[in-house]
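Undergrad: Take this structure, written in structure tokens, and hold onto it; I'll ask about it next.
The values are calculated or read from the model by the stated rules, or taken from the named source; none is laboratory data. The shown structure was predicted, so the numbers you read here are calculated from the model rather than taken from an experiment. Note that each Cβ is placed from the backbone with ideal geometry, even for glycine, and that neighbours are counted across all protein chains shown. All accessible areas refer to the heavy atoms of the entire protein, side chains included, with ligands and DNA or RNA removed. Shrake-Rupley method; radii C 1.70, N 1.55, O 1.52, S 1.80 Å.
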Amino acid sequence: MFNDIGPLELVTLVVLAVLVFGPEKLPKMIQDVTRTIRKIREFSESAKADIREELGPEFKDFEFEDLNPKTFIRKQLDNDELGLKEIRNGFDLKKEMAEVTDAVHGRESESSSSASSGSAGGSVDMTKKREKLDPDERPPYDADAT
């Protein structure tokens with residue numbers, strides 16, 4: 001709950017609480033706050049128990065944390081019935097990016113050289129080598145660059 005509060009911030013809050021409420025009223029205020037938090041937790045747990053009871057035995061494995069979209073998606077993706085782990089492990093992003101970089105820079109990578117040697121066609125030059133334009137020729141227009 002308070003994972004992002006550092007020690008200096010905690011000390012500042014304690015000093016501020018002593019200044020605002022005074023040393024006489026501070027223990028009673030702490031008791032009242034903890035009692036209120038405890039009542040809220042008890043109310044929440046009883047509401048969860050009532051909902052589970054109303055849902056019936058089909059939803060005995062139901063967890064309220066699953067209603068959080070991030071948790072729900074993470075739980076579904078970790079489920080191995082879909083075979084997503086094999087698909088995820090089949091991608092080698094570093095290798096794919098290296099191949100794209102090599103193709104852009106005109107270098108030949110190991111996997112693309114073996115793939116292109118087996119094909120009948122020639123290699124496509126993806127470098128941007130441009131000859132000089134004729135004096136009456138307009139430069140090419142790139143809509144994405146503007």
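Undergrad: Scan the range 94-116 and report the pairs whose first residue is open to solvent by 80 Å² or more (accessible area, probe 1.4 Å) and whose second residue is among the hydroxyl-bearing types (S, T, Y) and at pLDDT 85 or above, with Cβ atoms within less than 9 Å and a gap of 6+ or a chain change.
TA: Listed by first residue and then by second, the contacts come to R107/T101.
Undergrad: Does the range 69-77 contain at least one residue that is modelled with pLDDT of 65 or more, surrounded by fewer than 10 Cβ atoms within 10 Å (Cβ to Cβ) and either part of a helix (DSSP H, G or I) or of a type outside the set (S, T, Y) (or both)?
TA: yes
Undergrad: Sticking with this structure for a sec: Could you please let me know if F21 is under 33 Å from the mean Cα position of the chain (by Cα) and surrounded by 11 or more Cβ atoms within 10 Å (Cβ to Cβ)?
TA: In short, no.
Undergrad: Looking at the range 42-62, which of its residues are modelled with pLDDT of 80 or more and within 29 Å of the chain's Cα centre (by Cα)? Before you say what the answer is, go through the steps one by one.
TA: Here is the first cut: in the range 42-62, the ones modelled with pLDDT of 80 or more are 42-58.
The answer is S44, K48.
Undergrad: Quick one: count up the residues across the range 29-62 that are open to solvent by 100 Å² or more (accessible area, probe 1.4 Å) and outside any helix (DSSP H, G or I).
TA: Result for the range 29-62: 2.
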